Amino acid sequence: MDFEQIGYAVVDGVATITLSRPDKLNAFTSQMMAEMIAAFDRVDADDDVRVVIVTGAGRAFCAGADLSSGAGTFDYADAGADSPVGPDGELRYGVERARDGGGRLTLRIFQCLKPVIAAINGAAVGIGATMALPMDIRLASEAARFGFVFARRGIVPEAASSYFLPRVVGISQALEWCYSGRVFDAAEAKAGGLVREVVPADALLARATTIAREIADNTAPVSVALTRQMMWRGLGYQHPMEAHRVDSRAILSRGRSGDAREGVTSFLEKRAPAYPDRVSADMPDFYPWWEEPAYR
């Protein structure tokens, strides 16, 4: 797929996805959604990619949904058998086109097998804020601004943010930001737990790359892929025994791997590791465990 509204580049194992509609403050469109999903598909299919950085071109990260359609921006009414609105105005919640586009993207990010770092360089409002929630590490420029503005637009939080946001910042902070819909600065985002660090604008990508390099240069790809899914999916467990079952499978299977042998040997020999296993071919036989009936 050729990309028109995002940039995609890989350098030394780090993929950078850049939201690229700078003249529109990188406002989110259905095309951008499709391109970002395709980019994450490319990331997972490429064993040379170890870490992903997501950032924005120009002054903004993503200023929210493209509102150029005016009052009808969020109205899905149209003709056709697959329309989420029937001929008599009834809502067809079960059709594929009824799904929220932001949620399609955040669910794809959630499923990613590589660590994802958000380098939030400017305004991150609406979907610009919620798309970053399933990313693992969020860094913000001093110029960044955030807003969960949905109630001020007559809609509700989207992009599965009712799942992600309370888990990232806690229920009280999540509700205050969503109830008010106000825009707040990077310092408040850090104090509220939304971002890990606030750095000068000219140092943002360098800081993100430093974190990415620490992961890419020192860790086993399959271990990182499993860890990402174990941690995120563990947020939904009802009892620690669910985590214990997955941990036990992972330790048993990875303990017999070439990666485990290389990890111990390189440590004892005081040299950089060269892990042999690849995400595309060497995920353990119990993966994906959440598709088993016991984990549904």
>> Sequence gap at least 6, Cα distance under 8 Å: using those rules, report the relative contact order of the chain to the nearest whole percent.
In response: 15
> Rounded to the nearest 20 Debye, what is the dipole magnitude of region 6-214 about its Cα centre when Lys and Arg each give +1 and Asp and Glu each give -1 at the C-beta?
Replying inline: 460
>> I need the shape label for region 73-154. Rule: rounded when a/c is under 1.5, else prolate if a/b > b/c, else oblate, with a, b, c from the alpha carbon gyration tensor.
In response: oblate
> Computed over the Cα atoms of region 220-295, what is the ratio Rg over Rh, Rh following Kirkwood?
Replying inline: 1.02
>> Taking 0.36 nm per residue of sequence separation and subtracting the Cα-Cα distance, how much length would be gained by fully extending the chain between Arg153 and Met241, in nm to one decimal?
In response: 27.5 nm
> If the label point is 7 Å along Cα→Cβ of Arg59, which residues in region 12-44 have backbone nitrogen under 14 Å from it?
Replying inline: 22-27
>> For a quick check, take a GNM of the chain with Cα springs below 10 Å and name the residue from Gly56, Gly103, Gly154 with the largest mean-square fluctuation.
In response: Gly154
>> I'd like the projected area of region 1-147, averaged over all directions, using the convex hull of its alpha carbons. Report it in nm² with one decimal.
In response: 9.7
>> In region 220-295, if the dipole is taken from +1 on Lys/Arg beta carbons and -1 on Asp/Glu beta carbons about the Cα centre, which of Tyr287, Tyr275, Val222 is farthest to the positive end?
In response: Tyr275
> Check Ile53: other-chain or 5+ apart residues with amide H under 5 Å from its amide H, H built from backbone geometry?
Replying inline: Ala15, Thr16, Ile17, Ile117
> Once you list every other residue whose beta carbon is under 15 Å from the beta carbon of Arg261, what net charge do they have if Lys and Arg are +1 and Asp and Glu are -1?
Replying inline: -2
> Roughly what angle does helix 221-234 make with the longest principal axis of the chain, taking Cα atoms, 0 to 90 degrees, to the nearest 10?
Replying inline: 50
> What percent does the relative contact order of region 199-296 come to when contacts are Cα pairs within less than 8 Å and at least six residues apart?
Replying inline: 31
> For region 140-296, what value does the Rg/Rh ratio take when both radii are computed over Cα atoms and Rh is the Kirkwood radius, given to two decimals?
Replying inline: 1.06
> Out of Ile215, Ile171, Ile120, any idea which swings most in a Gaussian network model of the chain, alpha carbons joined below 10 Å?
Replying inline: Ile171
> Across 5 Å bins from the origin, how do the percents of Cα pairs in the chain run, short distances first?
Replying inline: 1, 5, 11, 14, 16, 16, 13, 11, 7, 3, 1, 1, 0, 0, 0
> What's the Kirkwood radius of region 162-205 in Å, using all Cα pairs?
Replying inline: 11.3
>> Need the list of lysines near Lys24 for cross-linking: C-alpha distance under 27 angstrom, and skip anything on the same chain fewer than eight residues off.
In response: Lys190
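Any read-out appearing in this document is the output of simple, stated calculations on the displayed coordinates, not a laboratory observation. Keep in mind that what you see is a predicted model, and the values were worked out from it rather than measured. Cβ sites come from the backbone with ideal geometry, for glycine too, and all protein chains shown count toward neighbours.
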